[in-house]
Structure formats: C-alpha cells, structure tokens
Amino acid sequence: MSERDDEIDRGTESGAEAGTESGSEPGAESETGTFADGFAVIPAVDVQDGEVVQLVQGERGTGKRYGDPVAAAERWIDEGAEALHLVDLDGAFEGERVNAPAFEAIVDAVGDEVDLQLGGGIRTAADARSLLDLGIDRVILGTAAVENPPIVETIAETHPGTVVVSLDAKDGEVVVSGWTESTGLDPAAAAARYESLGAGAILFTNVDVEGQLEGIDRAAVEAVVDAVDVPVIASGGVASLDDVVALREAGAAAVVIGTALYEGTFTLREAQRAAAGDGAE
Ligand code: AMZ
C-alpha cells in the first residue's frame, strides 16, 4: 500500500467511526476502500430533477437522461463498482442541495456495499458533516472550497481524509457555481493549497472535454498529480479504454466515468481490466 492509499484509508475509517448509521463497519473500508487496490474506476451518478443525467460540458439542459438514480447505482454495483460518484447537479447550479431524497435513497440501498462520494451544492461544514454522518464516505466541495478555503480544514478536523476538493478546469482555470464562473485559479497550484488545508483527495475535472467522448487531456492531469501527494481522481472526457490506461499512467488514483458507461462505449468490467493493466485494448 502506498503512502497515498494509506492517507485516504485513514479518512474513510474516520468517516465510518464518526457515526455512520448505515455505513460499513468501522475498519471494513480500510481494506476495501476506493483507493486501496490501485486504480479505481468510479461510475458517475449525476442527478438533475431526480433523474440521472449526463450533461455535455456541464451545460444545463444538454445531455441525456438515464432514469432512476437508485437503479443506476444498483446497476453499477452489480457490474462490479466499488465506489460511486454522486453529483447533485441542481445543487451545484443553485448553491444548495436539491436532490437530497435521491441520494438518501442511494445511501439506504447501497451505502453498506460501496464507497459513496457526493458533491454539488454542499456549502457549509454542518451540511458536509451531516452527509458524512448519514453514510456518505467522502464529500466533494467545489464552490465552497474556493469561496471559503478554511471550510476544508474545518471539516477535516472532525472527519479527516473525507473532504475531496473538486477543481474543475475550463480553459486551464478553475470554474465554480456549476462551471459558470471563472476564478483565475491554476488547478495545480490550487490542489497543493487544498492538500495543505487537509483535503483527503483532489477531484480534477476537465470541463473542456466533459461529456463529449473525445478523449482526455493527460498533461493537465499530470500537472495536478505532480502538485500533490493525496490521491487525484480524474474526470471528464474518458472515451476509450486507452484513456483509462493513460490516466492511470499519468498517476491518477481513480477515474470517474459517466457518458462512456451509460452509452455502452465500454463496460465497467472492461474499464477495470484496462485499469489493472489486463486486456487494456
Ligand atoms: O456539470 C456541471 N455543470 C457541474 C458539475 N458536474 N458543476 C459542478 N459539478 C460538480 C463538480 C463537483 O463534483 O464536478 O459538482 C461538484 C461541486 O459542486 P459545488 O456545488 O461544490 O461547486
């Protein structure tokens, strides 16, 4: 186990200890945690208006709908997912969580089986902690981390390792508020700053290629990976198994995949095999 894996494992353990009602037994996740087995492939369950959706470049009103969130979560677990990436899209746009019932239903249905990370509209430490106590393993903060960096430290004090800071980059700059506002921040420099504030992982989403099935920007991912020691979860634009391999080779700890899985470009198992260096073509 690398130092990096150890870091996040301690985090998920603490999250479980902090009162996870429906989560796994404390300690169980330290052996099966998302980043424990090398490179993880994490299906995305992005929710808008109570339904799974995959937007194109994050623009509201674009993209396709893929039905019931719990059904999607169960499907990915049946197909071998060890973690799920949950996003409240309306929450990210509106600045407060909107699809809470859908995510509570996912926690109830599968929270014991896999690691769950959730973002979109989490703006206060109290809200983040209530989710961690409900059974979410990692909270994802984008806008709140940029507008109020100490929030990362505040949450990490009681729930170490559970804060994932989301750096979503458009034209090389971090964007917030549903990807509608630029911040002028460089993703790699920001990643290092949030690591020092206690982020347990960095989620790096390349907005320019998101939802387009056009492939990834490996150099952009490498820049973030080189800036930090905590796991980097890459997201955006994965169109082929080669992209999965390239992200692993770039040093990412995990990849979030949405459109390619929902559209059947490849299966989750195929992606996992590619990630393990087994049958990558
Ligand atoms: O698609 C979008 N427009 C979008 C999206 N997927 N906007 C934000 N997000 C995701 C981020 C991160 O996971 O990638 O929402 C989360 C951050 O939300 P917030 O509310 O903390 O900025």
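The values are calculated or read from the model by the stated rules, or taken from the named source; none is laboratory data. Note that the structure is a prediction, hence the values are computed from the model and not measured. Using ideal geometry, Cβ is built from the backbone for each residue, glycine included, and neighbour counts are taken over all protein chains shown.
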Could you figure out which of (1) farther than 26 Å from Val53 by Cα; (2) outside any helix (DSSP H, G or I) isn't true of Val139?
(1)
Reported set for region 167-220 where residues are within 14 Å of Val232 (Cα to Cα), within 14 Å of the ligand (Cβ to nearest atom) and not hydrophobic (A, V, I, L, M, F, W, C) is Asp168, Pro187, Tyr194, Thr205, Asn206
Residue count, region 45-103, condition within 13 Å of the ligand (Cβ to nearest atom), among the aliphatic types (A, V, I, L, M) and farther than 17 Å from Asp137 by Cα, comes to 8
So Ala128, is it within 14 Å of the ligand (Cβ to nearest atom) and within 20 Å of Gly91 (Cβ to Cβ):
yes
Given (1) in contact with a His (Cβ under 7 Å, 6 or more places away or on another chain); (2) within 11 Å of the ligand (Cβ to nearest atom); (3) assigned to a helix (DSSP H, G or I), number of the condition Gln117 does not satisfy
(3)
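Is it true that Gly80 is crowded, with 23+ Cβ neighbours inside 10 Å and not in a helix (DSSP H, G or I)?
Working: crowded, with 23+ Cβ neighbours inside 10 Å: no; not in a helix (DSSP H, G or I): yes.
Criteria not met by Gly80.
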Before we move on, is Val45 surrounded by 15 or more Cβ atoms within 10 Å (Cβ to Cβ), in a loop (DSSP other than H, G, I, E, B), at pLDDT 95 or above and not acidic (Asp, Glu)?
no
